[in-house]
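Structure first, then comments.
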Amino acid sequence: MEISSAPGVVAAEAPQARIDPAVAIRALERVRGMKAADALAVLLRPGPGMCEPVGRVVQGALAAADGLGVPAGTCIVLGGEVGDGEPVIRVRRQAHGLATWITTETTRIRIELQVPGLRLVRHERTEATG
């Protein structure tokens with residue numbers, strides 16, 4: 001999972017989620033604008049709104065926000081993107097030393113959380129600080 005942050009936004013991306021893109025888009029639309037904790041409850045609780053791969057990306061973004069010192073209760077799902085991911089290629093072993101290649105298409109999921117009060121602080125090195 002790839003994590004990035006900018007002023008007011010924390011983003012997480014899963015480049016190889018094994019889910020149909022249409023399902024991921026529906027799940028993302030369902031939780032857009034919700035508090036991140038409520039979105040996790042919808043995405044990870046069994047029922048019609050469950051979508052575990054999108055929930056894991058939201059969890060990754062929340063963990064990144066927590067690492068920056070932002071409480072999880074203040075984060076809001078701002079939006080995200082769903083697109084074609086990197087294909088997963090593996091080998092299927094068969095009898096008599098034969099093998100075939102298996103290619104699985106994946107989905108790239110990116111979630112952005114709005115994080116109030118997060119500012120990007122850049123530390124400038126001077127001769128005094130070394």
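The values are calculated or read from the model by the stated rules, or taken from the named source; none is laboratory data. Since the model is a prediction, treat every value here as computed from it, not as a measurement. When we count neighbours, we look across all protein chains shown, and the Cβ atoms used for this are built from the backbone with ideal geometry, even at glycine.
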Which numbered condition H96 fails, given (1) in contact with a strand residue (DSSP E or B) (Cβ under 7 Å, 6 or more places away or on another chain); (2) farther than 15 Å from I3 by Cα: (1)
Selection status of E86, modelled with pLDDT under 90, of a type in the set (D, E), in contact with a strand residue (DSSP E or B) (Cβ under 9 Å, 6 or more places away or on another chain) and loosely packed, with under 12 Cβ neighbours inside 10 Å: yes
Residue, farthest from V54 (Cα to Cα), within segment 96-121, restricted to residues that are at pLDDT below 90 and in a loop (DSSP other than H, G, I, E, B): V121
Within segment 1-54, considering residues that are farther than 10 Å from V77 by Cα and among the basic types (K, R), the one surrounded by the fewest Cβ atoms within 10 Å (Cβ to Cβ): R45
Helices (runs of 4 or more DSSP H) enclosed by segment 4-71 - at least 2 residues per element that are under 21 Å from D84 (Cα atoms), touching a residue at least 60 places away in the same chain (Cβ under 8 Å) and small (G, A, S): none
